[in-house]
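The values are calculated or read from the model by the stated rules, or taken from the named source; none is laboratory data. For clarity, every value in this text was computed on a predicted model and none was experimentally measured. All Cβ positions, even for glycine, are placed from backbone atoms using ideal geometry, and neighbour counts span all protein chains on display.
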Amino acid sequence: MLEVNFNKSLGHFTLNSSFKADKGVLGILGSSGCGKSMTLKCIAGLYKPDKGMIKLNDRVLYCSDFKINIPSRNRNIGYVFQNYALFPHLTVQKNIAYGVKHLEKNERLAKVGEMIERMQLKGLENNYPSQLSGGQQQRTALARTLIRQPELLLLDEPFSALDTHIKYLLEKELVSIIKDNFDGIVLLVTHNIEEAYRICDNIMVIDQGQNLQYGKKEEIIHSPANVSTARITGCKNFLDVTVLEELEHEVVLKAKDLVFKAEKRNIPYSRNMVAGVRAHHLRLSSTGDYGGSSFVCDIVEKIEGVFSTTVIVNCMGCTFQVEVAKAACPHLLGCGGKKIKLHIPPHQVFLMKRET
Amino acid sequence: MGDINLFPLYLSFRVAITATIFSFFIGLPIAYFLSRGKGKLLDFIDTLTNLPVVLPPTVLGYYLLVLLGRQSPIGIFLESNFNIMIVFTPTGAVIASAVVAIPYLIKSSKTAFLEVNEDYLNAARLLGRNEFNIFCTVIVPIAWRGIAAGITMSFVRALGDFGTTLMVSGSIPNKTMTMPIAIYDALQAGNKIMANLLVLIMTGVAVVVLFIINMLERKMKRG
């Protein structure tokens, strides 16, 4: 169990971090400069918070009240850096052995040998990091960290410097290595919601140094608690709405001239709110009708991606971004100005407090 | 007059090597602290370490005389307690050339230290090593080419120093007369053979050292 509650100021920027994490992978999601890396560095002891407390499995690592600040080297925390930070002047074997120098020689060599075997690095013992592929570098970095049997593993954007095709492979490999070799708490810092969703069990969203939301990944995607969380998790459509009526299962919303419905959820409703709906949940159709939640709209613009097309439509004064699979809707391509229908599924619409 | 006395050659190398060793042990920790920290005090020290490069050698020599001369507190202390005199001795020559040489070592090592990626240090910290250990096992091995370039550069500077050494240790033949001073002296006395020989040696050393530094820097860039 990791318990974190601290704040740290850096110029005009203040980082407030407060959360608990249990065994499993917790993703820390945020845009660059939001303080997610700083959070990891404070937990690792590379930066000192101004105030607060950090506790790992009943061991206090940092406490401003009792002036406790255990140095990084004694925290028993594993850290995988963005570019792995393998020592360029040491071979694979010596890199892995670097953290277990305190062991007696035979035991050390045996442990390193076992780790090399387990990480499929056999035959590469005497290579230098510059001679390794990305996957081999990642495995060496994990071996170097896991050989110390850390209680907590911190992953600081491990894939952000990689090409897309190799990123996928390394991600899969990382997940399986961690599953097989590490039974503790893992924190993964990333700015990529897809990556966080694939790897993590729980997600914490950070923006401008503040924790915005923390919960199961499905819950974060399904019902973001505020506009920033929705934006960081990839939501494109936001509407200022007036809540006209609260029914038993639905609420009736009005944005400009558009009146539509949203599923009723367990949140406090007020008159003026923001409604969000993700681009891939909206449907466009020229023929079909989805009942009461379909509206006539005009196509404003189309942006073609590799696998999907983003269509920007105007629906009674409101602008929506709709993501359409290319193959699914060939009839939409090349039909500028044509009248079609926009379907807004009520159970995919979430309401958030209006931020001032 | 065509006598060839190779004592200056011997003395110069002895003085330069000793001065380089001193600048290494004093300069390397300074370079490390300058590369690690930030702040007004460190900026001030940084400026101070560069002063010997900018100041005229005579001015530098004058300061050393004031600081270490027989009338200065340090000079009186050393003379009365240990019977050590600095002015007009080879020790003075070592100190003078070390002061001239040390900025080059600090500058080159500092640059090399700064180029060591902070992540390597953080990784080492989390792998259980303390700062001194990290300095020896990570920083120096990664930055060694820059340090080596600094050592060679400070060696040539120490070897070639004229003005400051002359001010502090004078030009006593067979006692404190180093090569650069001997060249001047030989020219004054009209001993062309001696002057030519010493000039040739100095030039040879300079060329070799420049070659080494170039090689190190090229390799450093390649990584």
field: Enumeration of residues in the range B:148-183 that are farther than 18 Å from residue B:53 by Cβ and surrounded by fewer than 21 Cβ atoms within 10 Å (Cβ to Cβ)
entry: B:148, B:170, B:171, B:172, B:173, B:174, B:175
- prompt: So how many residues does the range A:94-107 have that are free of Cβ contacts under 8 Å to residues at least 12 places away in the same chain and within 13 Å of chain B (Cβ to nearest Cβ)?
  reply: 4
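Considering A:242, A:233, A:310, which residue is touching a residue at least 40 places away in the same chain (Cβ under 8 Å) and of a type in the set (S, T, N, Q)? Working first, answer last.
Numbers: A:242 fails: touching a residue at least 40 places away in the same chain (Cβ under 8 Å); A:310 fails: touching a residue at least 40 places away in the same chain (Cβ under 8 Å).
Every option except A:233 fails the conditions.
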task: Provide a single number: the residues in the range A:130-157 that are away from chain B (no Cβ under 11 Å) and not in a strand (DSSP E or B).
output: 16
query: Going by the structure shown, is residue A:33 at pLDDT 90 or above and under 21 Å from residue A:194 (Cα atoms)?
result: no
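Just checking, which of B:159, B:216, B:187 is over 26 Å from residue B:95 (Cβ atoms), away from chain A (no Cβ under 14 Å) and within 19 Å of the chain's Cα centre (by Cα)? Quick ask: steps written out before the conclusion?
Details: B:159 fails: over 26 Å from residue B:95 (Cβ atoms); B:187 fails: within 19 Å of the chain's Cα centre (by Cα).
Every option except B:216 fails the conditions.
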field: Subset of the range A:1-32 (residues that are loosely packed, with under 14 Cβ neighbours inside 10 Å, touching a residue at least 60 places away in the same chain (Cβ under 8 Å) and either assigned to a strand (DSSP E or B) or touching a Cys at 6+ places or on another chain (Cβ under 7 Å) (or both))
entry: A:13, A:24
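Anything in the range A:33-57 that is within 14 Å of chain B (Cβ to nearest Cβ), polar (S, T, N, Q) and in a loop (DSSP other than H, G, I, E, B)? List them, or say none.
Narrowing the range A:33-57 to residues within 14 Å of chain B (Cβ to nearest Cβ): A:37-38, A:40-48, A:56.
Next, only the ones that are polar (S, T, N, Q) stay: A:37.
Of everything in the range A:33-57, nothing turns out to be within 14 Å of chain B (Cβ to nearest Cβ), polar (S, T, N, Q) and in a loop (DSSP other than H, G, I, E, B).
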task: Go through B:167, B:177, B:215, B:194 for me and flag whichever is outside any helix (DSSP H, G or I) and of a type in the set (A, V, I, L, M).
output: B:177
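Could you list all residues from the range A:66-79 that are facing chain B (nearest Cβ under 9 Å) and among the β-branched types (Val, Ile, Thr)?
Initial filter on the range A:66-79 (facing chain B (nearest Cβ under 9 Å)): A:71-79.
Selection gives A:77 alone.
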- request: Would you please name the residue that is nearest to residue A:154 (Cα to Cα), looking only at residues in the range B:112-130 that are more than 9 Å from chain A (Cβ to nearest Cβ) and surrounded by 22 or more Cβ atoms within 10 Å (Cβ to Cβ)?
  value: B:113
